[in-house]
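Inspection log for the structure reproduced underneath, given as structure tokens.
Readers should treat all values here as calculations from the given coordinates under stated rules, not as data from a laboratory. Quick caveat, the model's predicted, so the values are computed rather than measured. Cβ: placed from backbone, ideal geometry, glycine included. Neighbour counts: every protein chain shown.
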Amino acid sequence: MQNLNSEVRSAAIINGVIQLTWTLGQVSALGTYWLRDNCPCSLCRHPGNGQKLYEIVDLPRELSPREAFLAENQTLKVVWSDGHRSAYTQDWLIAHNLCEQARAARRPQVQLWRGEIAGNLPVGDWPAVVTDPVAELAWLERFSVLGFGLLKNVPTEPGTVADVGDRLGFVRVTNYGRLFDVKSVPNPTNLAYTAVGLGVHSDNPYRHPSPGVQLLHCLESEAPGGDTLLVDGFAAAEILRQEDTVAFELLTTVPMTFHYADAQTDLFAQQTLISVDHVGAVTGVHFNNRSADWLDAPAEVTEDWYAAYIQFGRILKRPELELVFRLEPGQCLVMQNDRTLHGRTAFDPNLGRRHLQGCYIDRDAMESRRTVLRRSITLPNHLSSHPALSEPARAMSVAA
Ligand code: OGA
Ligand code: ZN
Ligand code: ZN
């Protein structure tokens, strides 16, 4: 396996394909169209914004490298069969190293967690997060790796949750409005607006796309009960995969129809309870007993699917997976809605008030902000949630 610290030592064309030899001895081939499509020259890309100036069909039908050699600073220079010239810096070649280990290291980092994370919650101080980019990045890093974060010292002024949402990203307006009040009301349109306990769930899986991030901001929590429950859906999905691959396969391939309806609204979306990407890594969990409507699948599939669903539901209830804490006034919980499942214990609205406000934002704006902050800030080790990447990111470690 190629070492990630290797640098380019030489380049040659072997059987019409460019091959790089790295300082630690490995050899890697660079696909012809792949390399040409990454040409950074000002004919190929706009010098100001880096966007491509040609269409893929504009590339020659027959294309091969005529010359390839390393120039100053180990820059790879290529003269192509159509006369076009390209230059690829050593930094670019390293950053785009295609060996398995390098590709794994570029994948999103995920740290699975269980209930013991209570001793080391990803907490940020909101006034600091807003004003200090180092505090903001440190909080965003942990949010990204763990799938949730807590903000404290968020003013308990009603409506603030939408300001927080607009600072972290862009509030997504839905049929519930720009924000929604979570409190016990007469004639509730959603069980969330009662005092009953809610098993852990993802919000609004009946939406296309379902919300990427949910914020829940506590304004009042005097009522006995109403503790917050969180479970890492990715950790639960990995347990299911380990314990029953067939069940895992069913929940990643056969979609549930989720549904929500009230007088003005009728929302349906079909999605699998667990989503995986092209390498089989878990990328999403959507679990919501209240809005799981019906399974549109052949009868011979449904019984096995239900067995898998029940099995996954039982895993989600394992006490060791569950993080239980009390959301206090001034705290705002921010969750990747397709990973960190949330719920609450029942509360007694006759013995005190409980009032949360929530809103949804998309995930991309938070990821973008993290990437932009990373351009100029290197976090000190004690603030970094993943100091040095010594193994492929998807060999997921379990956070205590
Ligand atoms: C919700 C919800 C949890 C709570 O409104 O979506 O899950 O603690 N609320 O009230
Ligand atoms: Zn070019
Ligand atoms: Zn919810």
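General observations
- Summing Lys and Arg as +1 and Asp and Glu as -1 over all other residues whose Cβ lies under 11 Å from the Cβ of Y260 gives a net charge of -2.
- Relative to the longest principal axis of the Cα atoms of the chain, the long axis of helix 133-146 lies at roughly 80 degrees.
- Comparing N120, W139, A105 along the charge dipole axis of region 85-175, the residue lying farthest to the positive side is A105, per the Cβ-charge model.
- Working note: Karplus 6.51/-1.76/1.60 with θ = phi - 60° gives region 19-32 the couplings 10, 9, 10, 9, 4, 8, x, 6, 10, 9, 8, 10, x, 5 Hz, where Gly and Pro are set to x.
- With K and R counted +1 and D and E -1, the other residues having a Cβ less than 15 Å from that of R61 yield a net charge of -4.
- Each Lys or Arg adds one and each Asp or Glu takes one away; over the other residues whose Cβ falls under 13 Å from the Cβ of Y206, this sums to -2.
- Degrees separating the helix 233-243 axis from the principal Cα axis of the chain, which is the longest one: 80
- Each residue, V173 and D296, gets one label point 7 Å from its Cα in the Cβ direction; the gap between the two is 3.0 nm.
- Loop-located chymotrypsin sites (Phe, Trp or Tyr not before Pro) in region 144-232 whose Cβ has at most 15 other Cβ within 10 Å (DSSP): F170
- Within the chain: Cβ-based charge dipole about Cα centre, in debye rounded to nearest 20 (Lys, Arg +1; Asp, Glu -1): 860
- Fluctuation leader among S42, S275, S368 - the chain, Gaussian network, Cα springs under 10 angstrom: S42
- Reachable aspartates and glutamates, given that their alpha-carbon falls under 12 Å from the alpha-carbon of K52 and they are not under 8 places away in the same chain: D37
- Cα-based helix-to-principal-axis angle, 363-376 vs the chain, degrees rounded to 10: 50
- Among D244, D266, D58, the residue with the largest mean-square fluctuation in a Gaussian network model of the chain, with springs joining Cα atoms closer than 10 Å, is D58.
- Only DSSP H runs of four or more residues enter the estimate; each adds -39500 (n - 2.57), and after division by the residues of the chain the mean residue ellipticity at 222 nm equals -7000 deg cm²/dmol.
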